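Q: Starting off with a structure, shown below.
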Amino acid sequence: MALFEPGVGYVDISSGQLKGATNRYVKTFNDLEGLYGDTAAFQALASRHGNEVAYEVTDYKASSNPGDIIIGVTRMEPGKVGDEYYMTRGHIHARPNRPEMYYGESGLGVMLLESPDGQVRTIEIGPRTMCYVPPFWIHRSVNVGREPLVMTFSYPADSGQDYDIIAKAGGMRSRIVDDGEGGWKAIDNTGYRARPQTLVDSIMAMVD
Ligand SMILES: O=P(O)(O)OC[C@H]1O[C@](O)(CO)[C@@H](O)[C@@H]1O
Ligand SMILES: [Fe+2]
């Protein structure tokens, strides 16, 4: 087995980027069509700001080898579509038994988690909060604050991302919306379709 060189990155809070990253990608608002409950509000946003960056990911990835890790930073704009806070697309790891760690750097976020059988959990993430995303949980980050949300993350390099699991269910089971007082609450996604038990069982059996 060949040795890799040690790496270093710097979490730049003001830009929300990992300086020294090997990869960068952005999602514009146009890339997020279909995610939000209020389609009219989304169309209004997309028509004015569709090409603007909704969130950005910079990461350091030495390899995709089993046992290796990815380290990186995500930065998300503050705002809402209707009463629903800005969020990432969300995914389950393509190797679903791979976990993840998130660490709050600045801003206020919520990690929205859903198990394949439809259990929902929310974890609020402020600066210095460390969030453990266990194996098999679908996860999406949501910016519930008024400033950009910047979080550091790390996860196994061979995890991969599966976005279909959310799309096929009509979204995640819960939506994170304004509670009317500037805070947040989780409400039911009325378009959600529970996964068949056979699908749940096949996901939970993927342990390699
Ligand atoms: O892949 P999504 O759902 O767009 O969200 C991006 C986030 O998830 C990750 O892919 C980690 O699984 C990070 O790169 C980033 O923080
Ligand atoms: Fe992930």
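Q: Using r as the Cβ-Cβ distance of ARG193 and ASN23, and R0 as 45 Å, what FRET efficiency do you calculate, to the nearest 0.05? Can you show the working numbers first?
A: Working: r = 33 Å, r/R0 = 0.74.
With a Förster radius of 45 Å, E is 0.85.
Q: What stretch of the chain, leaving out the sites themselves, is the longest with no trypsin sites (Lys or Arg not before Pro) in a DSSP loop having at most 14 other Cβ atoms within 10 Å?
A: So the longest stretch without any such site is 1-127.
Q: So, in nm, how far is label ARG48 from label ASP178 when the simple model puts each one 7 Å beyond its Cα toward the Cβ?
A: It works out to 1.3 nm between the two label points.
Q: Please say if region 120-208 is rounded, prolate or oblate, where rounded means a/c under 1.5 for a ≥ b ≥ c the square roots of the C-alpha gyration tensor eigenvalues, and otherwise the choice is prolate for a/b larger than b/c and oblate otherwise? Could the numbers behind the result be given before it?
A: Details: a/c = 2.56, a/b = 1.29, b/c = 1.98.
Oblate, since a/c reaches 1.5 and b/c is not below a/b.
Q: Could you pull the Cα extents of region 10-204 along its three principal axes, largest to smallest, in whole Å?
A: Principal-axis extents of region 10-204 (Cα, largest first): 45, 43, 28 Å.
Q: While we're here: Between MET1 and THR129, what is the spin-label point distance in nm, taking each point 7 Å from the Cα along the Cα→C-beta axis?
A: About 3.5 nm separates the two model spin labels.
Q: Across region 49-58, in residue order, what do the Karplus-derived ³J(HN,Hα) couplings come to in whole Hz, using 6.51 cos²θ - 1.76 cosθ + 1.60 with θ = phi - 60° and x for Gly and Pro?
A: Taking θ as phi minus 60°, the curve returns 10, x, 8, 7, 6, 8, 8, 9, 10, 10 Hz for region 49-58.
Q: Can you give me the convex hull volume of the Cα atoms of region 128-178, divided per residue and expressed in Å³? Don't skip to the end; give the middle numbers.
A: Details: hull volume 6.2 nm³, N = 51.
It is 122 Å³ per residue.
Throughout, read-outs are computed from the coordinates displayed, never taken from laboratory work. All figures in this text were calculated on a predicted structure; none of them were measured in a lab. Glycine gets a Cβ as well: all are built from the backbone with ideal geometry, and neighbour counts include every protein chain shown.
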